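The structure appears right after this line, and notes come after that.
The values are calculated or read from the model by the stated rules, or taken from the named source; none is laboratory data. Bear in mind that the values here come from a model prediction, so they are computed numbers and not experimental data. Positions of Cβ are backbone-derived with ideal geometry, glycine not excepted, and every protein chain shown enters the neighbour counts. Just so you know, the surface numbers come from the protein's heavy atoms only, side chains and all, with ligands and any DNA or RNA stripped out. Shrake-Rupley method; radii C 1.70, N 1.55, O 1.52, S 1.80 Å.
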Amino acid sequence: MTVQPIRDTQIISQIKSLLQHKADKYYIMFVIGLNTGLRISDILNLTVADVRDRTHVSITEQKTGKRKRFLINEQLKSEIDRYLNDNSLLDTDFIIQSRKGENRPISRIQAYRVLNDVAREIGLTEIGTHTMRKTFGYWHYQQYKDVVILQDIFNHSAPSVTLRYIGINDDMKDDTLRGFFI
């Protein structure tokens, strides 16, 4: 199944609210995903030391093995700080803690289940852990219309790959067909 970005800010707000009600760790996972464009494997591997009192985070991507450096803007920093202050986590702790074992992140499967559960509650389909990354890309493109910088953020080989990835090509095709009738 191909997942889609979330194209409606009200739905994003609903999901945030539902996730926060489930557990604050799921909310912060979603917020980090929406605002960094990181893959779920990289989000789940973040430790407190990676983000506490930082303006930038440097990681080695799980999938590519490449180094990635990204900004934690003031709004995201505020959300992370609130989360860290509300939870007594050590610098060596994973941010998104599992209840299974000591200092382990939740699994990708658990992240998927949680996101799918809240998506079903509001009637969404085509949702998965990659939805966060695609949603980041979709909204970044909507705000800046700069596919080249987004291509670089995602490390894609071509702008066309990025546009297809974030669903812009689908939107453009739909727009052309909406009023088309012979």
Helices (runs of 4 or more DSSP H) contained entirely in the range 1-77, each with at least 3 residues that are open to solvent by 60 Å² or more (accessible area, probe 1.4 Å) and touching a strand residue (DSSP E or B) at 6+ places or on another chain (Cβ under 8 Å): none
With the first residue restricted to the range 125-137 and required to be closer than 14 Å to ASP8 by Cα, and the second required to be open to solvent by less than 30 Å² (accessible area, probe 1.4 Å) and of a type in the set (Phe, Trp, Tyr), Cβ contacts under 9 Å at 6 or more apart or on different chains are MET132/PHE30; GLY137/PHE154
Quick check on the range 53-68. Is at least one of its residues farther than 28 Å from ARG7 by Cα, modelled with pLDDT under 95 and in contact with a Ser or Thr (Cβ under 9 Å, 6 or more places away or on another chain)? yes
Candidate set from the range 146-157 (those that are part of a loop (DSSP other than H, G, I, E, B), in contact with a helix residue (DSSP H, G or I) (Cβ under 9 Å, 6 or more places away or on another chain) and not small (Gly, Ala, Ser)); member that is least open to solvent (accessible area, probe 1.4 Å): HIS156
Odd one out for ASP171 among (1) open to solvent by 80 Å² or more (accessible area, probe 1.4 Å); (2) among the charged types (D, E, K, R); (3) closer than 12 Å to GLN4 by Cα: (1)
Being without any contact (Cβ under 8 Å) to a residue 12 or more places away in the chain, out of contact with any Lys or Arg (no Cβ under 8 Å at 6 or more places or on another chain) and either part of a loop (DSSP other than H, G, I, E, B) or within 30 Å of ARG52 (Cβ to Cβ) (or both) narrows it down to one residue among SER88, SER160; which is it? SER88
Taking the condition of being open to solvent by less than 80 Å² (accessible area, probe 1.4 Å), within 13 Å of GLY33 (Cα to Cα) and not small (Gly, Ala, Ser), how many residues in the range 107-145 meet it? 11
